[in-house]
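Undergrad: Can you read through this structure? Questions will come right after.
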Number of protein chains: 2
Amino acid sequence: MELRPFHIPTSHFFKKSILWNDEEAESKVKDILGHLLGTKSFFFVPSCFAALELAAYSLDFTLNDEVILPSFTHVSVANAFQRAGAKIILVDCLPETMNIDPESVLKAISKKTKAIVYMHYAGNSTGFTAVQEIAKSMDIALIEDAAQSIGSSQEKKHLGTLGDFGCFSFDYQKNVECGQGGLLVCNNEKYLERLQRLYLNGTNQIEFNQGKVDYFDWQDFNGGNYRFSSHLFQILLPQLFHIDTINGIKLKNALDNLNLIGSFNFNSAHFFKINEESNHQTNWILFEDHNEEKTFIHSLKEKNIPFLKHYYPLHLSKMGKNLPFHETTGTAKKSKNIIRLPTYIR
Amino acid sequence: MELRPFHIPTSHFFKKSILWNDEEAESKVKDILGHLLGTKSFFFVPSCFAALELAAYSLDFTLNDEVILPSFTHVSVANAFQRAGAKIILVDCLPETMNIDPESVLKAISKKTKAIVYMHYAGNSTGFTAVQEIAKSMDIALIEDAAQSIGSSQEKKHLGTLGDFGCFSFDYQKNVECGQGGLLVCNNEKYLERLQRLYLNGTNQIEFNQGKVDYFDWQDFNGGNYRFSSHLFQILLPQLFHIDTINGIKLKNALDNLNLIGSFNFNSAHFFKINEESNHQTNWILFEDHNEEKTFIHSLKEKNIPFLKHYYPLHLSKMGKNLPFHETTGTAKKSKNIIRLPTYIR
C-alpha cells in the first residue's frame, strides 16, 4: 500500500479557475485581502521569512537591542532578526497550545528589549492579549508571526493585524498558498515610510513613481528587492475567493484527526483543540509518555497515515544553545517530539 | 495617440503553453538550464538580489573585508554586499559598453579586497577576461552579475558560469521572466556546502532530506528562506524552451533600434552594439552633448516611442557619496543620462 502524501498544496484544486490577467488578479487579491484583514497597509513578499526580515530591518536594531522569540518556532524567525542586528532572547511556551508563555516573556524582558515576536501557532492566539499588554506597557514593538493564520481571528479581528507588524506565509503547506510567498502587514504608521523604502531596494522609488523626484537613488543601506511575482496573484486569487470553503474543509479534517486521537484515550498527550476562530492549518499532538507516543506512531503507520515532526527548538540547536533562554513550563524542550497530522484537502 | 508601453513581459506570449504539472515543469526547466549553462550547480531564488545576497553571505565577509562594485549598477547589488558585512569600494566603467573598467579595478584593489562584482551590462562581457585575470592572480572571489544575460555568452561559454558565482534575474523586464525570480550559479565547489545551508534557512535540512540526521536544526546565523515558488516553473518553461526564438526577436528589435539611432548621425553618442553572443536585452544610448540628447528625446516623443533612464550611479547617491570611488574614464558620473529603448516582443 502506497503511503499517502503528507501534504497536497491547496492551489492544486483551484488551478483551473485561472480567468484573469495578472493586473486584474492582483487588484482582486488585494481587494479580498483588504476586506479580510481590515487594512490596506500590506506588502506582498517572497516568503514569511522576507516579511519577518523586512519588519526586523524596519525596527532599526542597534547594538545591544534585544528581541524576544519563542524557542519553539521556525529557524527563519531567528535568522531574520539575527541578520537585522538584534540580540536574540529565547522563551518557553504553553503546553496546551504551544503558544509563547507570557510568564516566560516577563522573565526575559529588560530595558534592552526592543521587540517581541508572538507566533500564532496553528492559527491560535492563547496568551496573546497578555503579551500585547506587556508590550504596550513597556513601549516594546510587537510582531505577530501569523505564518499559519490566514483566515484566523481573535474576537473577530484577524490575526496579524493586532500588533505593530503581522507576517503571513503562503508557502505550499499553508491553507492559501502560492508555492513560496508571504505578506507583511504594517499596523503602525511610524514604521511605514522606512518600510516602503526598504521594500524597494532602500530607494525612494515610491516618490519617483509619484513624479515627486527625477531619479530614485540609494537612500538606505538595509533595503532589498522584496517584490513578489505578479504571476502568483493568479494562483492566490481563487483560493482567497474560496477561503471560507478551504478553512471549512480544514475544520472537517481537524475533527477527523481529533476523532483519531480520541479513539486512543491517551493520558499523557497534549494536542490541538477545535477553535472556531482558527483556520486549523496545523493539527499536532505531543506526548509526555514515550510509550503512548510509540503506540500512536505504530497505529499511524498501520493506517498508512503520514506524519511529520515540527520545529527543533532553537535553544537546543547548534546556533541557539548559547543564547539566553528563559524556561518556565519546560514545554519548549519537549517540542521536538511534536507529531503533525495531514490536513490537506482530499 | 496612446503611448506604447516601454515593456511587455515575454511570458505573455507563452502563457498558453502551460501543459505540465509543477514537478514536470521544474524538472524540464532544470534540464534546459543545465544544458544551456553547462552546469547543474544552481539555485532558484526569489530575485537576482537574493542571488547576490546569498553569494555575498557565502563569501563570509568579516570586518574590513572589501568588495569592488561598479558605481553604475543596480542599488540591490550594493545592498546585498552591505548586508553581508562587506565594505563597498566603487569603480568606474567603460564608455563603449558601460562595463566595469579594469583600470579602475586595479586602482581600487588592496589586500583587503575579498571580492569583485563584474556586471555583464546588456549581456556584454567587455573587459571581463582582464578582470578575471586580476581576480585569479590575487585570489579574489569573482561574482558575475548576469542579471541581464540569459542566453548570452563569451566564446560560447555562457555568462555567469565563468567566475565563482553567477547571478541571474528573471524579473518581468528580462528576456526570460517569471515576474520576480532569480538564479544563483555556484562555479566554485569550496563555497557549495555553506551555500546549501544558507539557502535552507541556515539549517542542515539537506542532510535531513537525505536521511543522514533525525532532525534538522539551526546551524548558521546567516541563512534565510531563499526558496522559489514551484508554480513559476510553469511560467519559465515555455520561454526557456524557445529562448533562441526570443533572443532572435530581441536581435531584430536591436537592429531596428540601431537603425533609429543611425538615422540621426549623432557625434556625441555612445550606444550599444550588435554582438552575436549577447541577448540584446538592453538597448541604450548615452550623449555627451546635451543638445543631441534633446533632439533625440524630442524625436522619440514625436514617434510615440517610450524610453527609460537606467541606474543612478551609486557614488552620487545619498548612501554611496561617502564611499570610496575610483574614477578613471569619467563615465559612471554621466551614466544617469542613459536612455533605454524598448526591446519587448511585439
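The values are calculated or read from the model by the stated rules, or taken from the named source; none is laboratory data. In this text, all values refer to a predicted model and were calculated from it rather than measured experimentally. For neighbour counting, all protein chains shown are included, and Cβ atoms are generated from backbone atoms with ideal geometry for every residue, glycine included.
Undergrad: With the structure loaded, tell me whether B:Lys321 is surrounded by fewer than 18 Cβ atoms within 10 Å (Cβ to Cβ), without any contact (Cβ under 8 Å) to a residue 60 or more places away in the chain and in contact with a helix residue (DSSP H, G or I) (Cβ under 7 Å, 6 or more places away or on another chain) or whether it fails that test.
TA: Yes.
Undergrad: State which residue pairs qualify: first residue touching a residue at least 12 places away in the same chain (Cβ under 8 Å) and inside segment A:270-293, second residue in a helix (DSSP H, G or I) and of a type in the set (Val, Ile, Thr) in any location, beta carbons under 7 Å apart, and separation of 6 or more residues or different chains.
TA: As it stands, the answer is A:Phe271/A:Ile261; A:Ile285/A:Ile261, since those pairs meet every condition given.
Undergrad: Among the numbered conditions (1) within 14 Å of chain A (Cβ to nearest Cβ); (2) closer than 20 Å to B:Arg4 by Cβ, tell me where B:Tyr311 comes up short.
TA: That leaves (2) as the condition not met.
Undergrad: Further question on the same structure: Residues that are part of a strand (DSSP E or B) and in contact with an Asp or Glu (Cβ under 9 Å, 6 or more places away or on another chain): does segment B:153-162 have at least one?
TA: Among the residues of segment B:153-162, at least one is part of a strand (DSSP E or B) and in contact with an Asp or Glu (Cβ under 9 Å, 6 or more places away or on another chain), which makes the answer yes.
Undergrad: With A:Val77, A:Val45, A:Val29 as the choices, which residue is within 14 Å of chain B (Cβ to nearest Cβ), under 21 Å from B:Cys178 (Cβ atoms), under 19 Å from the mean Cα position of the chain (by Cα) and among the β-branched types (Val, Ile, Thr)?
TA: On inspection, the qualifying residue turns out to be A:Val45.
Undergrad: Another one. If you go through segment B:73-128, how many residues are of a type in the set (Phe, Trp, Tyr) and over 22 Å from B:Lys273 (Cβ atoms)?
TA: 1
Undergrad: Scan segment B:284-321 residue by residue and report those that are part of a loop (DSSP other than H, G, I, E, B) and among the acidic types (Asp, Glu).
TA: Quick first cut of segment B:284-321, residues part of a loop (DSSP other than H, G, I, E, B) only: B:288-289, B:303-307, B:309-313, B:317-321.
Within segment B:284-321, B:Glu288, B:Asp289 meet the criteria.
Undergrad: Sticking with this structure for a sec: Being assigned to a loop (DSSP other than H, G, I, E, B) and not charged (D, E, K, R) is the filter here, so list the residues in segment A:322-332 that pass it.
TA: Passing the criteria: A:Asn322, A:Leu323, A:Pro324, A:Thr328, A:Thr329, A:Gly330, A:Thr331.
Undergrad: Considering only residues that are of a type outside the set (Ser, Thr, Tyr) and surrounded by 15 or more Cβ atoms within 10 Å (Cβ to Cβ), which ones fall in segment B:325-337? Write out each step before concluding.
TA: The first filter runs over segment B:325-337 and keeps only residues of a type outside the set (Ser, Thr, Tyr), leaving B:325-327, B:330, B:332-334, B:336-337.
Scanning segment B:325-337 gives B:Phe325, B:His326, B:Glu327, B:Ala332, B:Lys333, B:Lys334, B:Lys336.
Undergrad: Moving on to the next point. May I ask you to say which residue of A:Phe72, A:Phe61 is within 13 Å of the chain's Cα centre (by Cα) and farther than 28 Å from A:Ser230 by Cα? Full working, then the answer.
TA: Values: A:Phe61 fails: within 13 Å of the chain's Cα centre (by Cα).
Checking each option against the conditions leaves just A:Phe72.
Undergrad: Which residue is surrounded by the fewest Cβ atoms within 10 Å (Cβ to Cβ), if the candidates are limited to segment B:223-243 and must be at pLDDT 95 or above and not hydroxyl-bearing (Ser, Thr, Tyr)?
TA: B:Arg227
Undergrad: Right, another one. Can you tell me which residue among B:Phe170, B:Phe266 is surrounded by 24 or more Cβ atoms within 10 Å (Cβ to Cβ) and at pLDDT 95 or above?
TA: That would be B:Phe170, the only listed residue that is surrounded by 24 or more Cβ atoms within 10 Å (Cβ to Cβ) and at pLDDT 95 or above.
Undergrad: Please determine whether any residue of segment B:327-341 is among the hydroxyl-bearing types (Ser, Thr, Tyr) and within 14 Å of another protein chain (Cβ to nearest Cβ). Before the answer, list the steps.
TA: In the first step, residues of segment B:327-341 are kept if they are among the hydroxyl-bearing types (Ser, Thr, Tyr); the result is B:328-329, B:331, B:335.
Within this subset, residues satisfying the condition of being within 14 Å of another protein chain (Cβ to nearest Cβ) are B:335.
Yes, the conditions are met somewhere in segment B:327-341.
Matching residues to (1) among the charged types (D, E, K, R); (2) out of contact with any helix residue (DSSP H, G or I) (no Cβ under 8 Å at 6 or more places or on another chain); (3) surrounded by 13 or more Cβ atoms within 10 Å (Cβ to Cβ):
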| position | (1), (2), (3) |
| --- | --- |
| B:Leu258 | no, yes, yes |
| B:Asn275 | no, no, yes |
| B:Asn283 | no, no, yes |
| B:Glu288 | yes, no, yes |
| B:Glu302 | yes, yes, no |
| B:Lys309 | yes, no, yes |
| B:His315 | no, no, yes |
| B:Ile339 | no, no, yes |
| B:Tyr344 | no, no, yes |
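Undergrad: Go through segment B:194-218 and give me each residue that's of a type in the set (D, E, K, R) and closer than 21 Å to B:Ser47 by Cα.
TA: Step one: filter segment B:194-218 for residues of a type in the set (D, E, K, R), giving B:194, B:197, B:207, B:212, B:214, B:217.
Residues satisfying the conditions are B:Arg194, B:Arg197.
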